[in-house]
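Here you go, one structure.
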Amino acid sequence: MFSKILIANRGEIACRVIKTARRMGIKTVAVYSDADRDALHVSMADEAIRIGPPPSAESYLVIDNILQACHDTGAEAVHPGYGFLSENAVFAERLAEAGIVFIGPNVHAIECMGDKITSKKLAHEAGVNTIPGHTDVIESADAAVSIAGKIGYPVMLKASAGGGGKGMRIARNDDECRDGFERATNEARSSFGDDRVFLEKFIEQPRHIEIQVIADKHGNVIYLGERECSLQRRHQKVIEEAPSPLLDPETRAAMGAQAVALARAVNYESAGTVECIVDNDRNFYFLEMNTRLQVEHPVTEFVTGLDLVELMIRVAAGEPLPLSQSDVEIVGWSIEARIYAEDPFRGFLPSVGRLVRFVPPEESSFIRLDTGVYEGGEVSMHYDPMIAKLITYGATRDAAISHMREALNKFYVRGVSHNISFLAALIEHTRFREGRISTNMIAEEYPDGFHPSDLVHDDPGMLLSVAASIHIRYMWRAAGISGQLPGYERTVDRDWVVVLEGKLHPVQVERISGGHQINYGGELYDVLSDWQFGQPLFNGTVNGQEICIQVERRNLHYRLFHWGSQVDIMVLTQRAAELLACMPVKQPPDMSRFLLSPMPGLLTQLRVEVGNEVRSGQDVAVVEAMKMENVLVAQRDAKVSKVLAGVGDTLAVDQPILEFE
């Protein structure tokens, strides 16, 4: 067994590998860019070594720097995690030449299966079900349009070296095909250093289901069940689960058998994933093979009881698999939700900055957290915006969903925007609850984006009552501090007005043992809690029902977060409420004359100049953030009067780029 391994990655996956290596008694080496100098994986590892400046193309993707780090630290093996160099055959070959073990498949398997064009040809030759398409490299946008016309729209343009939703575009006509080819090519070049793109038929209402395989160097290959990964936004997985609510035992066995046959065809070893598109009739088609550990591997670990990272390390060290196919048991259900630094109420634009507060739910036999961040740390614009992966387990799917609902409710993040509200809405959605999901579900259910109105709390009286109880606690504390002088004693009124979404709600508050009783519209709410001032979570009961509500005090407002709903509430005296109604509303400044950057990022293209006439919907600029290109368009017909930012500038949120007449 190895005595020291290097993790050629960052963030949560680096931390994940370190945990298993530590349990196995293996020392670890972390690598970091200047942006990650204070990252969690750096502090967790036994050693850490700098490999370059923030851009991944100058640090995590530089093979020579990784090799030098191995040489300097004496690392015997390298675990690549996922992304970056994990499916890079040249990297694996260079490691082998240096006498360093690659904790992953052999170079031949990476070359055959890591390349999506080659893998489709091999899968077809092996008799595996494949999707109709053009598997040769497409040279131009015109060629893409010609091929799409023969296959028939809709089609999917995909980066050959792609993954994680990067370099993928759906096209339903010639114009979308041309534009999609350019976008996919640019993203592929930026993310993977490989701009090859291929094209295939896009199956309507598809489900994305993948088979986990593991193989050793002695010819043993098994599959560890499937993962349902259909809930996606812009081809990026959002929620995954194991097993799939769609598959029956016969389909599972057939998919597993094909996955194993494909792995054997290329003498595969280590962990790998065979991804398939499945329709509602359980017909399945080979999509691609990822020759690495998947982001969503924890759900498989929960239902099988196996540690995939440990198996990868042992296989790389030459050990045979410790189990056979008949030993694999799928027990219970597991769900994973990806917590991203993005604003779901602003088109899911990425968010960067410092994590002012980071209080995740406590881990248990039902809750697992994989993260690479900590309170006070930074979410950088240079890398993927993932904050954490939240994984829950239950004996049944409903139990796993219930644990996820509770865990999301307790996940407290401040300082950057996050998608927890969106995840909470998905978990509660009828289609998800019933298992009627597809890769199109999010686009179909939220065609105009995700909005606060999509999250309506089913018991606003409960939120009003908790806010009133919290406010009275503050009032009694203030009375106790300033009313101690004889003759100046203060009392706290029982009549208050709760202001929610501009509406006034009179309530009466009485102190009772352990909390308060709130009379709202004739209905009584007993709010009991040992909550202390400043605590981010209000744990207690309302009419005997356990609750956990995130709470912030913002001047006159209390911001409450519960079941994904976020509300701002004021609790006022009756007179203050009357005066509030007389206050004028401050109008926001008119910024319609400006093109604003909707996110922090790098301005990579500016397609207009001063004096140019633009039309509504015309592309005028491109901002790159979190490895994705974002095209900015003019919102109205106008003339460019000023250029306020240049190509290569790093932009802040809402920073003006252009001014129009």
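Here are Ser402, Ser417: which of them is in contact with a helix residue (DSSP H, G or I) (Cβ under 8 Å, 6 or more places away or on another chain) and either modelled with pLDDT of 95 or more or outside the structural domain of Arg169 (by TED's automatic domain parsing) (or both)?
The conditions single out Ser417.
Here are the criteria: (1) assigned by TED's automatic domain parsing to the domain that holds Ala254; (2) within 23 Å of Phe202 (Cβ to Cβ); (3) without any contact (Cβ under 8 Å) to a residue 24 or more places away in the chain. Tell me which single one Glu111 does not satisfy.
Looking at each condition in turn, Glu111 falls short on (2).
Yes or no: segment 528-551 includes at least one residue that is charged (D, E, K, R), surrounded by 14 or more Cβ atoms within 10 Å (Cβ to Cβ) and modelled with pLDDT of 95 or more.
No, segment 528-551 has no match at all.
Can you tell me how many residues in segment 385-399 are touching a helix residue (DSSP H, G or I) at 6+ places or on another chain (Cβ under 7 Å), surrounded by 21 or more Cβ atoms within 10 Å (Cβ to Cβ) and either of a type in the set (Phe, Trp, Tyr) or in contact (Cβ under 8 Å) with a residue 60 or more places away in the chain (or both)?
Qualifying residue count, segment 385-399: 5.
Considering segment 43-61 alone, what residues qualify as being of a type in the set (A, V, I, L, M, F, W, C), assigned to a strand (DSSP E or B) and within 27 Å of the chain's Cα centre (by Cα)?
Passing the criteria: Ala48, Ile51.
Within the group Glu269, Glu241, which residue is touching a residue at least 12 places away in the same chain (Cβ under 8 Å), of a type in the set (Asp, Glu) and either over 21 Å from Ala400 (Cβ atoms) or surrounded by fewer than 21 Cβ atoms within 10 Å (Cβ to Cβ) (or both)?
Details: Glu241 fails: either over 21 Å from Ala400 (Cβ atoms) or surrounded by fewer than 21 Cβ atoms within 10 Å (Cβ to Cβ) (or both).
Sole residue among the options that is touching a residue at least 12 places away in the same chain (Cβ under 8 Å), of a type in the set (Asp, Glu) and either over 21 Å from Ala400 (Cβ atoms) or surrounded by fewer than 21 Cβ atoms within 10 Å (Cβ to Cβ) (or both): Glu269.
Further question on the same structure: Here is a list of conditions, (1) buried (at least 23 other Cβ atoms within 10 Å of the Cβ); (2) under 20 Å from Cys229 (Cβ atoms); (3) among the hydrophobic types (A, V, I, L, M, F, W, C); (4) at pLDDT 90 or above, and Cys177 meets all of them except one; can you say which number that is?
Here Cys177 clears every test but (2).
Return a yes/no flag: does segment 250-269 have any residue that is modelled with pLDDT of 95 or more, in contact with a Cys (Cβ under 8 Å, 6 or more places away or on another chain), on the phi < 0 side of the Ramachandran plot and assigned to a loop (DSSP other than H, G, I, E, B).
Within segment 250-269, not a single residue is modelled with pLDDT of 95 or more, in contact with a Cys (Cβ under 8 Å, 6 or more places away or on another chain), on the phi < 0 side of the Ramachandran plot and assigned to a loop (DSSP other than H, G, I, E, B).
Let me ask something else about it. Looking at (1) modelled with pLDDT of 90 or more; (2) surrounded by 10 or more Cβ atoms within 10 Å (Cβ to Cβ); (3) closer than 25 Å to Gln574 by Cβ, which is the only condition Glu489 fails?
(1)
Something else now. Do you know which residues across segment 350-374 are closer than 19 Å to Tyr32 by Cβ and either surrounded by fewer than 19 Cβ atoms within 10 Å (Cβ to Cβ) or polar (S, T, N, Q) (or both)?
Step one: of segment 350-374, the residues closer than 19 Å to Tyr32 by Cβ are 352, 354-355, 370-374.
Arg354, Thr371, Tyr374, listed by residue number.
From (1) farther than 21 Å from Tyr412 by Cα; (2) loosely packed, with under 12 Cβ neighbours inside 10 Å; (3) in contact (Cβ under 8 Å) with a residue 60 or more places away in the chain, pick out the condition that doesn't hold for Leu500.
(2)
Which one of these is free of Cβ contacts under 8 Å to residues at least 60 places away in the same chain and either within 30 Å of Ser513 (Cβ to Cβ) or in contact with a Cys (Cβ under 7 Å, 6 or more places away or on another chain) (or both): Gly544, Gly617? Even if it seems obvious, please write down each step before you answer.
Values: Gly617 fails: either within 30 Å of Ser513 (Cβ to Cβ) or in contact with a Cys (Cβ under 7 Å, 6 or more places away or on another chain) (or both).
Result of the check over Gly544, Gly617: Gly544.
In addition: Just wondering, is there one or more residues in segment 61-72 that are over 18 Å from Arg314 (Cα atoms), in contact with a Lys or Arg (Cβ under 7 Å, 6 or more places away or on another chain) and modelled with pLDDT of 95 or more?
Within segment 61-72 (the criterion being over 18 Å from Arg314 (Cα atoms), in contact with a Lys or Arg (Cβ under 7 Å, 6 or more places away or on another chain) and modelled with pLDDT of 95 or more), the answer is yes, since at least one residue qualifies.
Can you name the residue in segment 542-555 that is part of a strand (DSSP E or B) and of a type in the set (S, T, N, Q) and, of all such residues, is nearest to Tyr520 (Cα to Cα)?
Gln545
Specify the residue that is farthest from Glu329 (Cα to Cα); the eligible residues are those in segment 211-230 that are under 24 Å from the mean Cα position of the chain (by Cα) and small (Gly, Ala, Ser). Walk me through it before giving the result.
Keep residues of segment 211-230 that are under 24 Å from the mean Cα position of the chain (by Cα), which gives 211-213, 224-230.
Within this subset, residues satisfying the condition of being small (Gly, Ala, Ser) are 225, 230.
On the way: Gly225: 9, Ser230: 23 Å.
Across segment 211-230, the extreme among qualifying residues is Ser230.
Please specify each residue of segment 78-99 satisfying the condition of being at pLDDT 95 or above, crowded, with 22+ Cβ neighbours inside 10 Å and under 16 Å from Ala316 (Cα atoms).
Val78, His79, Pro80, Gly81, Ser86, Phe91, Ala92, Leu95
With the condition being within 18 Å of Thr300 (Cα to Cα), I'd like the strands (runs of 3 or more DSSP E) fully within segment 186-239 carrying at least 2 qualifying residues.
207-215, 221-233
With Ser191, Ser160, Ser140 as the choices, which residue is touching a helix residue (DSSP H, G or I) at 6+ places or on another chain (Cβ under 8 Å) and either within 26 Å of Arg338 (Cα to Cα) or buried (at least 17 other Cβ atoms within 10 Å of the Cβ) (or both)?
Answer to the check: Ser160.
Could you list all residues from segment 62-84 that are of a type outside the set (Val, Ile, Thr) and either in a helix (DSSP H, G or I) or out of contact with any helix residue (DSSP H, G or I) (no Cβ under 9 Å at 6 or more places or on another chain) (or both)?
At the first step, the residues of segment 62-84 found to be of a type outside the set (Val, Ile, Thr) are 64-65, 67-72, 74-77, 79-84.
Matches in segment 62-84: Asp64, Asn65, Leu67, Gln68, Ala69, Cys70, His71, Asp72, Gly74.
Please verify whether Leu572 is touching a residue at least 60 places away in the same chain (Cβ under 8 Å), surrounded by 17 or more Cβ atoms within 10 Å (Cβ to Cβ) and either closer than 15 Å to Leu500 by Cβ or touching a Cys at 6+ places or on another chain (Cβ under 6 Å) (or both), treating the condition exactly as stated.
Spelling it out, Leu572 is indeed touching a residue at least 60 places away in the same chain (Cβ under 8 Å), surrounded by 17 or more Cβ atoms within 10 Å (Cβ to Cβ) and either closer than 15 Å to Leu500 by Cβ or touching a Cys at 6+ places or on another chain (Cβ under 6 Å) (or both).
Now a separate question. On the basis of being among the basic types (Lys, Arg) and touching a residue at least 12 places away in the same chain (Cβ under 8 Å), does Arg559 make the cut?
No, not satisfied.
Further question on the same structure: Please return the ranges of strands (runs of 3 or more DSSP E) entirely within segment 556-661 where 1 or more residues are within 30 Å of Pro536 (Cα to Cα), basic (Lys, Arg) and touching a strand residue (DSSP E or B) at 6+ places or on another chain (Cβ under 6 Å).
Numbers: elements: 557-562, 565-572, 594-596, 601-606, 619-625, 628-633, 638-643, 656-660.
Answer list for segment 556-661: 557-562.
Considering only segment 156-196, state which residues are more than 14 Å from His235 (Cβ to Cβ) and either in contact (Cβ under 8 Å) with a residue 40 or more places away in the chain or among the hydroxyl-bearing types (Ser, Thr, Tyr) (or both). Full working, then the answer.
To start, the set of residues in segment 156-196 that are more than 14 Å from His235 (Cβ to Cβ) comprises 160-161, 172-179, 181-182, 185-186, 189-190, 192-196.
Ser160, Ala161, Phe181, Glu182, Thr185, Asn186, Ser190, Gly193, Arg196 - these are the residues of segment 156-196 that are more than 14 Å from His235 (Cβ to Cβ) and either in contact (Cβ under 8 Å) with a residue 40 or more places away in the chain or among the hydroxyl-bearing types (Ser, Thr, Tyr) (or both).
Can you tell me which of His557, His562 is surrounded by 14 or more Cβ atoms within 10 Å (Cβ to Cβ), under 30 Å from His429 (Cβ atoms) and more than 28 Å from the chain's Cα centre (by Cα)?
The match here is His557.
Can you tell me how many residues in segment 460-500 are in a loop (DSSP other than H, G, I, E, B) and either outside the structural domain of Leu560 (by TED's automatic domain parsing) or more than 26 Å from Ser513 (Cβ to Cβ) (or both)?
Final tally of qualifying residues: 4.
The values are calculated or read from the model by the stated rules, or taken from the named source; none is laboratory data. Computed from a predicted structure; not experimentally measured. Quick reminder, even Gly has a Cβ in these numbers, built from the backbone with ideal geometry, and neighbours come from all protein chains shown.
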